[in-house]
Every structure is written in C-alpha cells, then in structure tokens.
Amino acid sequence: MKFQIEDVTVYFPYDNIYPEQYSYMVELKRALDAKGHCLLEMPTGTGKTIALLSLITSYALSKPQSPLKLLYCTRTVHEMEKTLAELKKLHDYQVQHLGPAARILAVGLSSRKNLCVNPRVVSAENRDSVDAGCRKLTASWVRALAEKNPNVPTCEFFEEYERAGSGAVLPPGVYTLQDLRAFGKLKGWCPYFLARHMVQFANVVVYSYQYLLDPKVAGIISKEMQRESVVVFDEAHNIDNVCIEALSVSVRRQTLEGATRNLSKMEQEIQRFKATDESRLRAEYNRLVEGLAQRGDLQVGDTWLANPALPDDILKEAVPGNIRRADFFVRVLRRLVQYLKGRLETDSVEKEGPVTFVASINNHAGIDQKTLKFCYDRLHSLLLTLEITDTDEFLPIQTICDFATLVGTYARGFSIIIEPFDDRMPDVRDPVLQLSCHDASLAIKPVFDRFQTVVITSGTLSPIDLYPRLLNFNPVVSRSFTMSLTRDCICPMVLTRGSDQLPVSTKFDMRSDLGVVRNYGRLLLEMVSVVPDGIVCFFVSYSYMDEIVNSWNETGILKEIMQHKLVFIETQDVVETTLALDNYRKACDCGRGAVFFSVARGKVAEGIDFDRHYGRLVIMFGVPFQYTLSKILLARLEYLRDTFQIKEGDFLTFDALRQAAQCVGRVIRSKADYGMMIFADKRYSRHDKRSKLPGWILSHLRDAHLNLSTDMAVYIAREFLRRMAQPYDKAGGGGKKTLLSQEDLQKMVEGHMNEMLY
Amino acid sequence: MNNGDGKRLNGEAEEEDEDDLDGEGREAWERTYTDERSWESLQEDESGLLCPVDDKILHHAQYRRRLRSLSSTTTASRIQKGLIRYLYIVIDLSKAAAEMDFKPSRMAVVAKHVEAFVREFFDQNPLSQISLVTIKDGVAHCLTDLGGSPESHVKALMGKLESSGDSSLQNALDLVHGYLTQIPSYGHREVLILYSALSTCDPGDIMHTIQKCKNAKIRCSVIGLSAEIFICKHICQETGGLYSIALDESHFKELILEHAPPPPAIAEFAIASLIKMGFPQRAAENVISICVCHKEAKGGGYTCPRCKARVCELPAECRICGLTLVSSPHLARSYHHLFPIMPFEDVAPTQHKLPKTCFGCQQSLLSSGSRTTLSVTCPKCRRCFCFDCDIYIHESLHNCPGCESLRHSKSVNTAEA
C-alpha cells in the first residue's frame, strides 16, 4: 500500500498496516525532519522493522537532492538476515511502483566467519582463527612473497577481487549475507572485502552494534560514513551494557602468561630481523618519528587493529621516544606485564581510579601515562613490521595494550578492580583485574555527534526517560507505543502468595525458606496441569536455579511435574543448552508438553523466542536484580549517582524490571499469538516496581490480577486459555480497527486534517 | 480449585497478611463477579424492565453459526455431502477427565452430551454408523463396534465411566485407523475425539500416524475440554477436521452438535457409486420370531428382504447377508442436506422500507430498548426474518416459509386463472 505522511509518500509492502505502525512512522518522520535523535518503544510482534525500513527508505526516495544513508544495527546475525529479507520485499515493492529510480544498494556486513567463501579458511572453528587464516593469505607481504615464489599460498578470491580493482562493484539490489556469498562465488571475488568496500557507497547497511560502538572496529569500518546518515539501533534495550562492554577489559592470569609468550616470540622475530633485514626496523622507526599518520596509506588487507580509544581522543602527536625502537617497546611491555602480575598477587579486593593506577605504574614500572596511551598503536605498527599474520595467537598481548591505552587515555568514568577470587567461590583462587567502564555515554557519544539522526528502538525501553540520562543525549522524540489488539491476548499476573497464602519472594532473606521453595514448586505443578504445550520458567540466577531444582527434586515435586511435562534446563554450556532447546521444541510439537528452566540475563532470555505453542506461559520466579555485591556494579552505581544523579535503587530496579520484561516478552511474537505471564514475587505488586514495566504489559495488567495466590492464578489461567482458544475475527470487529487498509488511512488523515482546521 | 477448603480455613491468617498489601484478596465466589463487573452491564428498557445481560454471548453464538453456514456454502451452492458416515467417537478417560471444572466432572458431562449427540446424529444421518472408543491408562479400547443403534452405544458408555492414567492420541488413532481402513470406500471415515488431557504420551512418532490417517482419508476432529493443544490443532489441520475448545457445558453441547450434520464430501471419494440397500417390511406384532441382533424371541421388528432374517431396529446391516437395511423415511430425512436453503443476507438496520415484523414469528423487527435487532432477508423471496427465525429455518425447518408460501400462492393463482 501507498500513503502520504505529510510530504513523504510511504511505500509499504503489505496491504494492511497496524495503527501503531502508522503512528510510529509519523514520530520517526518528525525526528528525521528535525535531524535529531529519537527513542521509540513499541512491543515486539507489531512490525517495528518494516515500519522503520519503509519510512526511512521512502523518506530518502522523496528527497533525492539530499541522499540519506541508513545504518541499521542489529544484535545477531540472525536478526540481520531477517532485516535484510524484509528490506528485500520492500525494495521489490518500491521498484515495482517507482521503476528503476527506486533502486538502492543494501548490504549486510558481518565478520569473515560469516562471509568467507574460501573453503580452506572458513573451516576454522572460531572467528579469530578465520580472521587469522584470512590474513595469512591476504596480507600485503604474503602477496608480495607469492609474486616471487608461486608456492606461497594466497586466496584466489582476494586476488581476483584485487585484480578487478575499481571495477569490483555490486550492482544495485538488496544483498543478504547469503546473497553476498553467492555473488562472490559467482564472480570469484572475496565477498568480505567487497562488502567492506561497498559499505561506503551503499544506501542501506545492516551490521552489528560493534561496528559503530566498539572504537576498535568502528575506526576501520564506519570511519567514512557521511553525516547525513540515519543510525538505527534495533532491540536496543541493552545498549548501555553494550557500550560499557566495548570499553571494558579484563585481564586474568592466563592473559598475562600468554602475553609473556607473545613478547618472547616478538623478541625472537626482532632479533631475526636485526640479523637479516635491519632496514625494515629502521624504516619503521623513521615513520614513528613522523607520527602515527601512517594508517591512511595501509593496504586494505592489513588493517586489523585500531585504537580502542575514541577517534577524537587520539592526539596527533608523534609516538613518545622511549618506545620508538622495537626492542625498547618490547621491554616496556615486559615491565608492564610484570607489574600487572604483581598486582594480581593480592589477597584482598582492590579498587582504584585510573589516575592513581597510572601513577602507581609510573612509580613501580617507570611507564608514564603518555607511553601507555600509545601502546596499542605502537603494537599495531610493530606487528605489521614483523609481518605477523597469525593474529589469533597474539590476542593476549593485544588485550594488555588495549588495557594500557584505555587506562592512559581516560581519567574519568572508569575504575580498576582487582579481585583475588570470585565472591561466590571464595576457595578457588582466580584473580582477575578488570578495567570497567561506568559511563555508557562514552562509547556512544561519537555516534550521536557524527550522525544526524540516531534511532534507538526496542520492545522494552521503559522507563523511557532513563535512557537519555544513561546515554547522555537529548532526543527530539521519545515515545512509547502500545499494541492495538483485537483481543486481550496477553495475560500478565502478579502472584504474591502461594497456595497456603504465605508470601513468596526471592528476597535474600526469604529465598531459601522451605515454604517459599515449596510454594514456587506447587505453583509450577498446578500450572503444568492446566497449561498445554510449552512453559518457560525464568530464575534469577544459575545458583538459585540449581538450589531450587535440587530441593524440588528432594521433595518429589519435580517428579510430579515430570508426570505432566518433560523438564529441560539451561546450562552455561552453549552446546548443551542448544540440545535442550531442540528437544524442548520437539516435546512441544508432539504434544508431550515441556517445561524449560532458564535464567534471566542468560543466553536464552536474550535471544530465543518462545512463540506460539512453544511458550503458552512464562513464569518469572523472583525479581532478577543484579548481583548487588559485585564490585563492578557497586562502582558503576556510585559513578551513576555522582555523575548523572541516578539513585542506586532506581537504577537497580530499572535494570531488574527491564530484564523481567525481556524474559516475559519472549512469549509474544505476533498479534495472533497468545500467552500468559506470571510475575511470582510479592515485590512486583509494589507500585515502584510495577510501574517500571513497559506500557504494553501494564495496560493488560488488571487490578484484579495484582495480588494473586496460586489457586486464583490457576483459575484465571484456565479461563484465559479457554477464551483464547476460541476462533476470532482477525481484523477486529466493530469500532476498534486494528488493521488499516489504504482507504482507512486516508480517511484517518483527512479526519485529522479537519480536526486541525476547525 | 482443590485448595478451596484450605483457603477457607486460612481465612483469618490471610487477612492479617494482606494488611500490608493492597487488600484486594477476595473469596473465590466473589472473584468472577469482580472480574466481569456484570452489574455494570445491566440496562433498563423504556418501561423500566431489566434487559437480558448476556446478549453479547448470544449474538456471538448466532454470528458464529451464520459464519459457519456461510462458509460451507460459499464454495458452491450445492456441495456433495457425505451421507453415509462411519464415525468413531474417541472419549478420553485419562486422569484429566476426572477434573471437576465441569460439574460434576468432565467425563460425566462428556457422557451426558455424547448421549444426546448420538441420538441427534442418527436423527440427522440415518444411514450412518457410530462406534465408541475410550482411552485409559495410555491404551485405546474399543467400547462398541460400529453400529446404528443409539441405545447400545449409550448403555455401553454409561457402564464404563471411570478414569485413570495418561492418555495417548497415537494409540487411539492407530486403533481407529485399523478399523476404518476396512470399511467400504463410499463411506465417510470420521473420528471425533473428545479430549480432556493436556498432553499425550505416545509410544512412537505421532506425526507418522497422522500422515497415515491423512492418507487413509480419515477426517479427525477434536473437541478439547481445557485448552488449545498444538498437536490436536495439527491433526485437525492435516486431516481437514474441526478443532474447538469448550468454554463451558452449554458451549460444549453446541460444539459437539456441530458435528451432527454431514460434512462436505472429500473430492476423491465424491464419485458416484451404487450401493445395494434393502427396504425391509415391518413384521406384524403377533408373529413371534428370534431376532438376529439380540437372539431373543419377540414380535415386531423388520424382515430382511434378501435372507428373511429378523432385525429389531433400522438402519442396520443384516447380520446374515450383510445387506444395508434402511427405511424410506431415513433416506428422505437425509435428503435436505443435499438441497440446503440459501443463507440469508444481512440487512442494514438503517433501511426504511423494511417491513416492521419478522415474516416467520411476526415479532417486531424494530430495535427494542437499547439493543438493535439485526434482521436478515432470504435472497429468493426477499422476506425479512429475525435472527432466531434464521437459525430455526436453517437448522431445523430446512424450508424457507417465504418461498414455500410464494410457491403455494402461485399454484393457487394459476389454478384460479
């Protein structure tokens, strides 16, 4: 369908549109007009992605004089493929209506692991070894060698791509990763480098968060993006954590040992070069004297390290004299590693700010702040000079330099925490030194500064006023949309009491109380006997899950549950969990019924959908607060309080409730679906907790469902499931329209105009 | 549910607990009322009398019935119907059937309505046969063989009403499949499963069994008593059956009776074929002879025209020569399925030229009180009817009074002229 939003003709590839999609587009259009940032919350299953894509591309089409680029960031490769598939449909529709003028180029960009077509390289097991395998074949010196000696292996796809030179371009169209690989195979060009090259010219780029937020990667990939771009962060409810992780480094004993090995290897290489090819080291030294501006004239295949600090923080200075010579630099690194080793030997938890830490390095190891700052660039240059290609082996030393540079660059917003052992297992000595970033706005600031519009959107962004404070920006539009439903297909409930009317909670003093454990068990037992197919349970942590499942097993509750449904458990092992999930789905499919025990903040809670019969009910046992004794969290809370005036309690509740909303949101993936959500903790009935749930859940949470006991919940569940199983009219009968056709929209817009006139 | 007693005992403790909470706990009997707030929907008409509250539910049911009749007639105005049906009714008697959310228990309610259904079924499909199967302890068991006598089925079912163990859809389907593949090809193979449980414990791959049923052209329908189960939905989708969930007892009755009228014929079986049938004579009351069905000496009954054996009831298959025995009224009663009356069309309430009363019942069609009565019109004779008459005409009468009187007056007119 085709309709008008103010001066933009929007092309929408479906015949009908949801009313909330329409208002979403209107808000988005305002943000684009204002060239400002925006924050939009809309529940999952209402077609956020297609609304975003179709408005932004239509906006770009309607204003051909100012080309607009769309950078669409997703969290996973799977989401990336889904987005591109939607875009493909949209593009076909636009071309069909507008002719060839509507042709755009859209590419997805991912790591080599997902794009490589060279069978020898892509067979490696993890991402780092694929990267290293690629570099072994494509580094400039390898290729120079290969010219002289045909026995040196190179990558034929890369060679072919290089030979094609500037002729290697993608014709307009939408390319998923699959399409890119197919195209690369057909032409014999390397899809990875082709995609990286085409990113600069494409109208739409779909890639992962890291390409914009992690300064190490962003420096290489997103450097040349124009200002007139729209950046979209989809599923961005955890964006602050992504930002923080991008700038945090943790160093363990193994890292230091690996770094020591790396240093010895480098020393050997330096000796070898000294004996054979002294001039190379000399040339590097001269280049360093002139400054680090060398990055511009590097070969495309050679760029693989970039500064972890942010672009504007890199000073345009020359590398300090004491690390210009290769062997001096290695010696400095050795001292640094030695120092860190010494720090790890502590018996008590230590917490320091970057300034004191740098001062202490200066005292003990004699390395000053400026030297630290340049560690990463210097390492980069040295590894290139030494022609090292197996980069995956040099990860430890990279981590150390990463750490050094960050510590040397930032004086605020970070802290260094050394813990000799994990709090939960005080007997096992596992020292770890963490440089943790507290300020999410640091990593995302350049994105806000550089691009004209940044859209942050997700199904759960409540409370929506906290995000601008956390990320330190001013949105021109921030709105939360609710879902228009033809029937009440979600049924959230707050369960505060067990069947014996005693309160249930995972509060620290209550969680191991036998009565609470038993009440939770009875709740699940009652529920498995009235809910068909799949049930998903979320616990607050792995240890709590272990504890409660154990005691259910002892009291025989687990056995009774198994009579109704099979039980599957998420573990920290990815392979095991995947297997459990597969079997869970199978059990739901064949009618046996199953329960999945999972952990809030775990892999399953973040990325796996339990739609349709795979999740008819989700039970959230307890409030998933973060581990409040964690030193990192405490440090962050302190920072938030001092800098952004966000109270500790507010932040913790906000974070716990967004996790809970994320967990329960897994069951509803479309409007035709239905599901129940039980928040089993008495704390949910308190207003300060409950009000932080997203609007689309709150609007269905009726007063009568706020303070239930198990037997009442069972009764409600029975009624709800019966009601939902009845056939219904999908378009929404009567006055409340939930699917708008083109005519409906026109009428609505005209009505609106009339209202404005009178 | 089962905590009801415990809850009442703990009533005092509960009140203390709730002081710090919102104080919103209510007794179980209050709950439904607070949820629905039914008193708010009470309305008075102009003379101060209370209007019925539940017309929404009523309208929904009517709407649904209309929808069904519309959908069955949109494809072609005259569909071939399967009049000779072989229906297996599978009754789940697993542990879940003892649940008390239907009063007195699920299985008692099921049995009660199966009885009504069996009678209604034979009334509408005199040429068809039914068999009862029960699932108990994960095993399917054939309670009665295919037969045309409602009494024997009902009696067998009532004697076996106890529940235990799990339930297995696969076992039931396998059993039914084994029986149904033996019946002649002109007959319609159907299974109606009345399912109380929420899961199925199967010995093997149920998908394989479903595929087998699909290949054997067995139409499987399921009526659930608790909630929608994916596998049941899948079975119905694959085999072209209906899947529905009962809200309460009256809804269950409605749903099960939906299966009484014959379904449209499956295309591949819709070839015309000749079936040999006998029309036995009723024997005189005073001629005593031994019947083949009960092996008792009695008067009355019917005599098979081919082998002269005596049977008690029609329709039946002769035990001796295997001839299908029917009476002509049976055939005639099936006849209306073949020539259904057209579904009536909705009339917009704003049209003014409408007659004020329903042609059927002479009740006023104008809006009474607050609610507007919808009216419908026959596409042939253009008479207007109310909703109730619409349902009555389509489901019981099978003749349009408007068209009939029209035909009648025409013939009178021609006779006069």
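To the nearest 0.05, how large is the calculated FRET efficiency for A:T276 and A:S348 if R₀ is 51 Å and r is the Cβ-Cβ distance?
Approximately 0.55, to the nearest 0.05.
For the pairs A:K647/A:K692; A:K82/A:K445; A:K82/A:K113, note any where the Cα-Cα span goes beyond 23 Å. Display every interim value, and only then the final one.
On the way: A:K647/A:K692 15 Å; A:K82/A:K445 28 Å; A:K82/A:K113 18 Å.
Pairs exceeding 23 Å: A:K82/A:K445.
Which of rounded, prolate or oblate describes the protein assembly as shown when judged by the alpha-carbon gyration tensor and an a/c cut-off of 1.5? Here the protein assembly as shown falls in the prolate category. In chain A, the longest principal axis of the Cα atoms and the axis of helix A:440-450 are about 80 degrees apart. A straight Cα-to-Cα reach below 20 Å connects A:K559 with the lysines B:K95, residues fewer than 8 places away in its own chain not being considered. In summary, the convex hull built on the alpha carbon positions of segment A:413-457 has an orientation-averaged projected area of 4.9 nm².
How would segment B:84-269 be classified by its alpha-carbon gyration tensor: rounded, prolate or oblate, with rounded meaning a/c under 1.5 and the a/b versus b/c comparison settling the rest?
Values: a/c = 1.43, a/b = 1.13, b/c = 1.27.
Rounded is the answer for segment B:84-269, as its axis ratio a/c remains below 1.5.
Normalising the Debye intensity of segment A:343-418 to I(0), with uniform scatterers on Cα atoms only, and taking log10 at q = 0.11, 0.21 Å⁻¹ returns -0.33, -0.97.
Across segment A:578-591, coupling constants 3J(HN,Hα) worked out from phi with the 6.51/-1.76/1.60 Karplus curve, θ = phi - 60°, read 4, 4, 4, 4, 4, 5, 4, 4, 4, 5, 5, 5, 8, x Hz, and Gly and Pro carry x.
Working from label points 7 Å from Cα in the Cα-to-Cβ sense, the A:R252 to A:D513 distance is 3.8 nm.
Based on DSSP H runs of at least 4 residues, each adding -39500 (n - 2.57), what is the mean residue ellipticity at 222 nm of the protein assembly as shown after dividing by all its residues, to the nearest 500 deg cm²/dmol?
Working: 45 runs with 517 residues, N = 1175.
The per-residue figure over the protein assembly as shown is -13500 deg cm²/dmol.
Working note: Karplus 6.51/-1.76/1.60 with θ = phi - 60° gives segment A:654-664 the couplings 4, 5, 5, 6, 6, 5, 4, 5, 4, 4, 6 Hz, where Gly and Pro are set to x. Label zone of A:F644 (point 7 Å out along Cα→Cβ, amide N under 18 Å): in segment A:32-46 this covers A:37-41.
For the pair segment A:227-275 / segment B:282-317, the C-alpha centres are spaced 95 Å from each other.
Most simply put, segment B:84-269 has about 20% antiparallel DSSP beta bridges, counting only bridges with both residues inside it.
When only alpha carbons are used to place a centre, segment B:202-267 and segment A:443-505 end up 41 Å from one another. With a simple spin-label model that places each label point 7 Å from the Cα along the Cα-to-Cβ direction, the separation between B:K155 and A:Y14 comes to 5.9 nm. As a proxy for reagent exposure, ranking A:D427, B:D123, A:D744, B:D202 by other Cβ atoms within 10 Å from fewest up yields A:D427, B:D123, A:D744, B:D202. Compute log10 of I(q)/I(0) for segment A:73-119 with the Debye formula, placing one identical point scatterer on every Cα and leaving out solvent, at q = 0.13, 0.20, 0.25, 0.28 Å⁻¹, to two decimals. So the normalised log intensities are -0.40, -0.74, -0.90, -1.00. Helix A:177-187 axis versus longest C-alpha principal axis of chain A: approximately 40°, rounded to the nearest ten.
When a/c is below 1.5 the answer is rounded, else prolate if a/b is larger than b/c, else oblate, so apply that to segment A:490-725 with a ≥ b ≥ c taken from the square roots of the Cα gyration tensor eigenvalues.
On the way: a/c = 1.44, a/b = 1.35, b/c = 1.07.
Here segment A:490-725 falls in the rounded category.
If you fit an axis through the alpha-carbon atoms of helix A:77-98 and take the longest principal axis of the Cα set of chain A, what angle between them do you get, 0 to 90°, nearest 10? Its long axis makes an angle of about 80 degrees. Which residues does the label zone of A:K63 cover in segment A:202-236, counting backbone N under 17 Å from a point 7 Å along Cα→Cβ? It comes to A:203-204, A:226-232, nothing else. By the beta-carbon count within 10 Å of each Cβ, the least crowded to most crowded order of B:Y302, A:Y684, fewest first, is B:Y302, A:Y684.
Each reported figure results from applying straightforward, stated rules to the coordinates on display, with no laboratory input. Being a predicted model, the structure only gives us computed values, none of them experimental. Positions of Cβ are backbone-derived with ideal geometry, glycine not excepted, and every protein chain shown enters the neighbour counts.
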